[in-house]
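Read through the structure below, which is laid out as structure tokens, and then see the notes.
The values are calculated or read from the model by the stated rules, or taken from the named source; none is laboratory data. Since this is a predicted model, take the numbers as computed values, not measurements. All Cβ positions, glycine included, derive from the backbone under ideal geometry; neighbour counts span all protein chains shown. Note: accessible area is taken over every heavy atom of the protein model, side chains too, but ligands, DNA and RNA are not part of it. Shrake-Rupley method; radii C 1.70, N 1.55, O 1.52, S 1.80 Å.
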Amino acid sequence: MSEFPTYDELLARPFFFCGIGGSGMLPLAQILKGRGAHVAGSDRSRDQGRMSEKFAMLEAQGFEMHPQDGSGISSNDQVLVASAAVEDTVPEMLRAKELGCLKLTRAELNSILFNTSGAGIAIAGTSGKSTVTAMLGWIMHVAGRDPTIMNGAVMKNFVTPDQPSASAVIGSRSIYVSEVDESDGSIALYSPAVGVLLNISLDHKEMDELRALFGDYLERSRISAVNVDDAEVLALLPRAKEVITFGVEQEKAQIGIVAGSIADGPTRQAAVVVDHHDGGEYALILNMPGRHNLSNALAAIAGAACAGIPVEVAVKALASFAGITRRFDIIGTSPGGVTVIDDFGHNPEKCAATLRTLKSSPGRVIAFFQPHGYGPLKQMGHELAETFARELEPDDITIMSDPVYFGGTVDSSEGTERIVQLIRENTGNAEHIPERDDCGARIVELAQPGDRIVVMGARDDTLTTFAKSIMEQLS
């Protein structure tokens, strides 16, 4: 970390966020501002007239907003923060280089805040990071630990009229709870006091590279909470220094579920959590459906145990956990009995978990999927096609638009039509409709009483607006 400024040096300087409205950027900007830093920013979405409510909120909160034309970079004392995906040709990047400004990626800045806290609690894995970060943050909050929480999703428990985009909580410096990302390799920047590892599967990197990144992460963690239901995670167990294991299926997990105690419902579930350290059993009520969310709850309980929170306290706290936006988020049910759900599913494992939860209840599924970029589609398109073909039945239907694109250079040679063809070759029912609005019209045309419509995708906040527009048309 020697190439980065110290915490005190950093907080004494003004910040400029390029893409301040992004899901990974906004919470960091809020944390810095909450700690007294001057924060300004720009966003291409604001310039394009999208998500006006979000940017009006930022200005009302005192963030200084600029067009994305370089005009906001005026001094070499400023620290430019940009995600690793921002191209060097963006005006802020060019202006910062001209002035000699310090440039930090989102992950570099977050790792400084994380590593200089009293205790950094990291949540890693291919799927479930945002949910477990919110769960663990809520447990810490209920237990009176006053955590700072850095998340990539809005945490419903912390939403207030003044803070509708509660993807961050500004608490003390003693505990910093954060999801950490392997997709860009930045997980290597973090040195956790507690490292939670959820699962390992194909997403943005090849499996051998993922195994190396997650194994190193366990070695750097003082104590780890690991999911022994996941074979890939289990194989890395020898690399952990000290460990608490958790699992829904694995009987030898230190924190697990009493056999036969799981009671599923369409919107909530119950189970009995067992702590094999002392044999204690505790009734868990979780206001979220799906076996994957039960696993997420155990991950949060195990992570909290690593931080010294009794299992009983953690289980009790989760009964009041309200969830996060865009994770099986029920928009509503129409007078005709059609339910619309907004979901963040964007890789094979996340999509499979959502579709399995839907198929655990009767009714046809209409699954809309907007790929979150041409690159990810090329990387995991075949696995995505297998997921939709495998998890859905012949009466269900998948509708896919072209990938989200907001500008910049991109290789668009492999698009959605290839994925739809692969679904069909695997006996799935799928349609490719390039424009999202046309997809919406087709979904409304197809919808019948009892159907569940799920809107899936990432990196695009307007997907929630799209899901709500379908609900309005149905109503």
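Taking the stretch 344-358, which residues are touching a strand residue (DSSP E or B) at 6+ places or on another chain (Cβ under 7 Å) and open to solvent by 10 Å² or more (accessible area, probe 1.4 Å)?
346
Which of the residues belonging to the stretch 228-253 are open to solvent by less than 50 Å² (accessible area, probe 1.4 Å) and farther than 19 Å from residue 127 by Cα?
240, 243, 244, 253 - these are the residues of the stretch 228-253 that are open to solvent by less than 50 Å² (accessible area, probe 1.4 Å) and farther than 19 Å from residue 127 by Cα.
Answer yes or no: is there a residue in the stretch 220-227 that is within 21 Å of residue 108 (Cα to Cα) and open to solvent by less than 10 Å² (accessible area, probe 1.4 Å).
Yes: the stretch 220-227 contains one or more residues that are within 21 Å of residue 108 (Cα to Cα) and open to solvent by less than 10 Å² (accessible area, probe 1.4 Å).
Of the conditions (1) closer than 24 Å to residue 292 by Cβ; (2) open to solvent by 10 Å² or more (accessible area, probe 1.4 Å); (3) touching a Gly at 6+ places or on another chain (Cβ under 7 Å), residue 183 clears all except one; give me its number.
Failed condition: (3).
For residues that are among the polar types (S, T, N, Q) and within 30 Å of residue 330 (Cβ to Cβ), scanning just the stretch 254-278, find the one that is surrounded by the most Cβ atoms within 10 Å (Cβ to Cβ).
The qualifying residue surrounded by the most Cβ atoms within 10 Å (Cβ to Cβ) is 269.
Starting from residues that are at pLDDT below 95 and open to solvent by 60 Å² or more (accessible area, probe 1.4 Å), keep the ones in the stretch 395-413 and report whichever is farthest from the chain's Cα centre (by Cα).
Checked the stretch 395-413; the qualifying residue farthest from the chain's Cα centre (by Cα) is 413.
Give the residue that is farthest from residue 177 (Cα to Cα), with candidates limited to residues of the stretch 279-302 that are free of Cβ contacts under 8 Å to residues at least 60 places away in the same chain, surrounded by fewer than 20 Cβ atoms within 10 Å (Cβ to Cβ) and not small (Gly, Ala, Ser).
This residue is 281.
Of the conditions (1) open to solvent by 10 Å² or more (accessible area, probe 1.4 Å); (2) modelled with pLDDT under 95, residue 100 satisfies every one except a single condition; which number is it?
Condition not satisfied by residue 100: (2).
Among what's in the stretch 1-17 and is outside any loop (DSSP other than H, G, I, E, B) and without any contact (Cβ under 8 Å) to a residue 24 or more places away in the chain, pick the residue that is nearest to residue 96 (Cα to Cα).
9
Among the residues of the stretch 18-35, write down those that are basic (Lys, Arg) and in a loop (DSSP other than H, G, I, E, B).
Step one: of the stretch 18-35, the residues basic (Lys, Arg) are 33, 35.
Hit for the stretch 18-35 is 35, nothing else.
Every residue in the stretch 62-84 that is in a loop (DSSP other than H, G, I, E, B), surrounded by 15 or more Cβ atoms within 10 Å (Cβ to Cβ) and touching a residue at least 60 places away in the same chain (Cβ under 8 Å), please.
78, 83
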